[in-house]
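One structure, pasted below without further comment.
Please treat every number below as a calculation from the coordinates, not as lab data. Note that the coordinates shown come from a computational prediction; the quantities given were computed from them, not determined experimentally. Backbone-built Cβ (ideal geometry, glycine too); neighbour counts: all protein chains shown.
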């Protein structure tokens, strides 16, 4: 069956430009009613432009969809609550949250002021927490929810000069891994998106040729998100790579530990290659069980 979001309502943050705008438009195209949130600030989080969110909401309406603009600040708990409340007041429920708002303040670690560290974590990580914290009661009550948190290669691979951004993006993976556990019995699926697209954020870090920018249009990220936000998606705890018309998955894995009785540092050195080998690596669902074991148990209960 075709993926449909009819009768679903969504909140997308950072939806005024780039990847967020592409996601909001695609969710609406598939039938969702969308709260388009964007403070409209600069790339480093300064200032505001209230027309940015409004423009995307009007674009959705012009295409026959249903949308409402929101210019709240995700770092403010009361603003995040108001976003959730807006969707529920307008349409009776909130089904989908896409936490995509973000800023950059890149500097090498030894030059990074505390204020820039705090500001980036506040938007990406605290913003994600604020949204889930306020949406969670609705998800539990209606026994339904779909969440997508935007992470980054910087978070699990690293990128020079982005210690604040990388820490925040890695933190969202941790948030996902707990939320997937707490949401499972309420039919709340929580996943991470790792987008690759030509946006003002990515081009500020690395220049692209016009051909490369065309191939990495932000809207090409959206199909993965729309699927993750649909009833069809029964996967949770995934990191999905999406960009340039290509899709894949990233995962954190663990190998089988090497037993060494009464080990010394010399023993660790001697068996280092064995200790660090990923030949036996598995993807785990939680600290207690592998994903394979968990999924087998779910199938047995179905």
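Along the Cα-to-C-beta direction of residue 4, a point sits 7 Å from the Cα; which residues of region 223-241 have their amide N less than 15 Å from that point?
230-233
Oh, and also: Given R₀ = 30 Å, FRET efficiency for residue 256-residue 301 by Cβ-Cβ distance, to 0.05?
Using R0 = 30 Å, I get an efficiency of 0.65.
Using only the alpha-carbon atoms of region 253-301 as identical scatterers, what base-10 log of I(q)/I(0) does the Debye formula give at q = 0.21, 0.24, 0.30 Å⁻¹?
Those come out to -0.77, -0.87, -1.05, one per q.
How would you rank 279, 61, going from fewest to most other Cβ atoms within 10 Å of each one's own Cβ?
Working: 279 7, 61 13.
Neighbour counts put them in this order, fewest first: 279, 61.
Would you please give the FRET efficiency between residue 292 and residue 178, computed as 1/(1 + (r/R0)^6) with r the Cβ-Cβ distance and R0 = 30 Å, to the nearest 0.05?
E between residue 292 and residue 178, to the nearest 0.05, is 0.90.
Starting with the highest mean, order 110-120, 181-191 by the number of other Cβ atoms within 10 Å, averaged over the residues of each peptide.
Result, highest mean Cβ count within 10 Å first: 181-191, 110-120.
For the ranges 84-90, 174-180, 156-162, 296-302, what's the packing order if you count other beta-carbon atoms within 10 Å of each residue, average per peptide, and put the highest first?
So the peptides 84-90, 174-180, 156-162, 296-302, ranked by packing, come out 174-180, 84-90, 156-162, 296-302.
What full-extension length gain, to one decimal in nm, is calculated for residue 246 and residue 50 as 0.36 nm per residue of separation minus the Cα-Cα distance? Kindly include the intermediate steps, with their values, before the conclusion.
Numbers: separation 196, 0.36 × 196 = 70.56 nm, distance 3.33 nm.
The residue 246-residue 50 span can extend by a further 67.2 nm.
With just the Cα atoms defining each centre, how far is region 161-176 from region 1-50? Give it in Å.
22 Å
Counting helices only, and only those DSSP H runs with n ≥ 4, report the 222 nm mean residue ellipticity of the chain as the sum of -39,500 (n - 2.57) divided by its residues, in deg cm²/dmol to the nearest 500. Before the final figure, lay out the partial values.
Values: 13 runs with 129 residues, N = 302.
Mean residue ellipticity at 222 nm (helix-derived): -12500 deg cm²/dmol.
Here's something else I'd like to know. Multiply the residue gap between residue 66 and residue 268 by 0.36 nm, knock off their C-alpha separation, and tell me the result in nm, one decimal place. Mind showing how you got there, number by number?
Numbers: separation 202, 0.36 × 202 = 72.72 nm, distance 6.01 nm.
Full extension from residue 66 to residue 268 adds 66.7 nm.
If we sort 98-108, 13-23 on the protection proxy, mean other Cβ atoms within 10 Å, highest first, what's the order?
Answer by packing, highest mean first, reads 13-23, 98-108.
Right, another one. Taking square-rooted eigenvalues a ≥ b ≥ c of the alpha carbon gyration tensor, is region 9-250 rounded, prolate or oblate, where a/c under 1.5 means rounded and, failing that, a/b exceeding b/c means prolate? Before the final figure, lay out each step's value.
Details: a/c = 1.34, a/b = 1.25, b/c = 1.07.
Rounded shape, in that the Cα axes give a/c under 1.5.
Right, another one. Multiply the residue separation of residue 283 and residue 42 by 0.36 nm, subtract the distance between their alpha-carbon atoms, and state the gained length in nm to one decimal.
Numbers: separation 241, 0.36 × 241 = 86.76 nm, distance 3.82 nm.
Roughly 82.9 nm would be gained on extension.
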